[in-house]
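**Q** Here you go, one structure.
Where a number appears in this text, it was derived from the coordinates with a stated rule and is not lab data. Computed from a predicted structure; not experimentally measured. No Cβ is skipped: glycine too gets one built from the backbone with ideal geometry, and neighbour counts run over all protein chains shown.
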Amino acid sequence: MRGEVRRQILALALPVVASSLLERAVTTTDIFLVGGLGASAIAAVGLSQLIIVFLMSLIAGLSVGTTVVVAQLIGARSERRASEAAFSSLWVGFTLSFLIAGVGLYFRREGAALLGAEPALADLIDAYLFYIFLFFPFSVGVDLLSAIMHGRADTRTPMVGIIGVNLLHLGIAYTLIYGKFGFPAMGVRGAAIAVGVSEIFGAAYLLIRAFQKGFLKRTRLRLDLIRQVVRVGLPFCADRVVQQVAQMSYARAVLIYGTVTYAAHQVGLAIEAFSFMAGSGFAIAAVTSVGQSIGASQYQRAKIENWEANRLAVLVMASMGVVFFFFPYLLLRLFTEDAEVIRLGTLFLKIVALIQIPLAVTMVLSGSLKGAGDTRFLLMVTFVGAWLIRVPLAFYFSYVQPMGIAYVWGVMVVDWFARMALTLLRYRSEKWQGIRVIEQEKL
């Protein structure tokens, strides 16, 4: 059985890894392309993405809840209800996206101020976020439609869509940022417009394919299915909000050491994302496979799926950690020629190299627990790591007893080892086996 499960995990994970890397590449490409405009442009795009990810956290719970409910309904051989749950979730998601976009457009300047951006940096953030929020519903569409397909164990279609988004984004971004082919040079505005236009095409492609494959069925809103999605997704939504507020607070602690330091921090995160997204692929594979196995009451198979996904994720991410530790300079030169950014970025990558194994274990175990619907416990893990460890220690080393950026970055190591220990203990307790996500259909 292990060989079969390993092949299944790889078949699910590899397209997700590719999709995740390519999806991240949209924002990473922006950082790469605006690198020629200087450290302020890099920092502006990086800080803008913190705000975007925070607001996307409000949708993340709906996406995870949809994947889990759809996966468990498919495992329980209730395909019609799975399609109805997907359609209902999509409507709820689009409604929320317009509300969030309005809030983002209105408060984008205040968001930059909250992060501690100086006036010149805030101007760049304001310009970038205006176009991002203008196209925000289409970004939500890509996210939710991908989540529906992941629940159906179709990870290839989202990959194809993301490939198209990336190719389109790259061409538009380069043209508009630097004013090529007769277009005016728009700087960070051009990068944001490129994101929005490419997401329109990505959302349209995934929507058409979802109907063609029968993953979506036009139906009335199924409030009972929405409740099941929300029951799973709401704790994860809170989890993401808690995490992103902590990330923004952590960013303030880094910004105390200056814009150049934050630029190095952001470039380092963009590089580490290649490892993180690989782990994310195996985590999503765990959500889908474990969710379907639990829907079919095959708990022993679910354990084997978790083990295989964990083993593969550790292998990949540990290998990336070795690259980060021994070859940081080569990676950083791909993004910037600023000597100070490279010097600080080298330190950052050596530190994050140390967390690749605990990060891999935590991500896959969290994916398995999500597949079981155990999202409330994961919220507690995030709170402990982010707010009892990372933020207090980072503020101590930035405000109370400034000891250098190495100490601020070093608290990430403590954070992820603590999260790994907590998720391991929860998984080994097997309490997740007693959670019931889907309800019997009422006749």
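**Q** Between residue 297 and residue 163, what FRET efficiency follows from the Cβ-Cβ distance if R0 is 25 Å, with the result rounded to 0.05? Could the numbers behind the result be given before it?
**A** Values: r = 37 Å, r/R0 = 1.47.
The pair residue 297/residue 163 has a calculated efficiency of 0.10.
**Q** If R0 is 45 Å, what FRET efficiency do you get for residue 208 and residue 315 from their C-beta distance, rounded to 0.05?
**A** After rounding to 0.05, the efficiency reads 0.80.
**Q** Between residue 181 and residue 430, 0.36 nm times their residue separation minus their Cα-Cα distance comes to what?
**A** Result for the pair: 83.7 nm of gain on full extension.
**Q** Further, regarding this structure: Just one of (i) 65, 47, 43; (ii) 72, 54, 37; (iii) 63, 47, 36 is Cα extents along the principal axes in Å calculated from these coordinates, so which is it?
**A** Computed from the coordinates, Cα extents along the principal axes in Å corresponds to (iii).
**Q** Moving on to the next point. Just to check I understand the Karplus step: with θ = phi - 60° and J = 6.51 cos²θ - 1.76 cosθ + 1.60, what whole-Hz values come out for the stretch 322-338, glycine and proline as x?
**A** Using θ = phi - 60°, the values come out as 4, 5, 4, 6, 9, 10, x, 4, 4, 5, 5, 5, 5, 9, 7, 10, 5 Hz.
**Q** Given the Cα-Cα distance of residue 413 and residue 325 and 0.36 nm per residue of separation, how much length would full extension add, in nm?
**A** Additional length available on full extension: 30.3 nm.
**Q** When Lys and Arg each count +1 and Asp and Glu each count -1, what net charge do the other residues less than 12 Å away from residue 386, Cβ to Cβ, add up to?
**A** Values: positive: 240, 390, 419; negative: 239, 415.
That sum, taken over residues with Cβ under 12 Å, equals +1.
**Q** Next question. Would you mind putting 221-229, 61-69 in packing order, based on average other-beta-carbon counts within 10 Å, highest first?
**A** Result, highest mean first: 61-69, 221-229.
**Q** Taking only C-alpha pairs under 8 Å that are 6+ residues apart, what is the relative contact order of the chain in percent?
**A** 23
**Q** Per 0.36 nm of contour for each residue apart, how much would the distance between residue 80 and residue 110 grow if the chain were fully extended, relative to their Cα-Cα spacing?
**A** Stretched fully, the residue 80-residue 110 segment lengthens by 6.3 nm.
**Q** Please name whichever of 219, 198, 322 sits farthest to the positive end of the charge dipole of the stretch 2-432, dipole taken about the Cα centre and charges placed at Cβ: Lys and Arg +1, Asp and Glu -1.
**A** Of the listed residues, the answer is 219.
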